Structures are given as C-alpha cells and as structure tokens.
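Notes to accompany the following structure.
The values are calculated or read from the model by the stated rules, or taken from the named source; none is laboratory data. Fair warning: this is a prediction, and the values are worked out from it, not measured in the lab. Quick reminder, even Gly has a Cβ in these numbers, built from the backbone with ideal geometry, and neighbours come from all protein chains shown. These area figures cover heavy atoms from the full protein model, side chains too; ligands, DNA and RNA do not enter into them. Shrake-Rupley method; radii C 1.70, N 1.55, O 1.52, S 1.80 Å.
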Amino acid sequence: MTSKVDEALGYEQARDELIEVVRRLEAGGTTLEESLALWERGEELAKVCRRWLEGARARLDAALAEEESESQKDTDTGSDSA
C-alpha cells in the first residue's frame, strides 16, 4: 500500500529516488534485509511513477480526443457551407 507521503511525491522526485534505490541495489554490499527493504521501496516508487504516467497519458488522450472532435466539427461545418 502506498503511503500518504508517497502519494504527495511528484514524478521527478519519485523517479530520482527510484534511480538511487536501483543504484544502491546494483552496487551490492547490503545485507539481505537492507536489499529487501530497498526492493520494496523501489516497488512503491515505481507505482508512484506509473500512476503519474498513466494520469499524463489519460490527459493527453483526452486533449487529443477533444482536438479531433473540434477538428471534425470544423470539417463538418466547412463542408456544409461550401
């Protein structure tokens, strides 16, 4: 479950922290418990990033659909008056 603090993270903050978590895991030298905690934190950060990206995709899709709808209205109006 994502904490309230994680929900308040911006995309860039979550991404940067995730990069640091991955760097630490790849570097090794941590205990099993530390590695598991880092992995779990990375999973939570990835969820935060995914939610931001899905939200951005939904906004982009909505904007494109609206633009397409407006373009279609203009085309329909233009063909009626020609």
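Figures for the structure shown
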| item | result |
| --- | --- |
| Test: residue in the range 28-36 that is at positive phi and out of contact with any His (no Cβ under 7 Å at 6 or more places or on another chain) | yes |
| Any hit, the range 51-59, residues being modelled with pLDDT under 95, assigned to a helix (DSSP H, G or I) and surrounded by 13 or more Cβ atoms within 10 Å (Cβ to Cβ) | no |
| Qualifying residue in the range 5-17 (condition: in a helix (DSSP H, G or I), of a type in the set (A, V, I, L, M, F, W, C) and at pLDDT 95 or above) | yes |
| Of all residues making up the range 17-45, the number that are closer than 19 Å to Gly55 by Cα and open to solvent by 70 Å² or more (accessible area, probe 1.4 Å) | 1 |
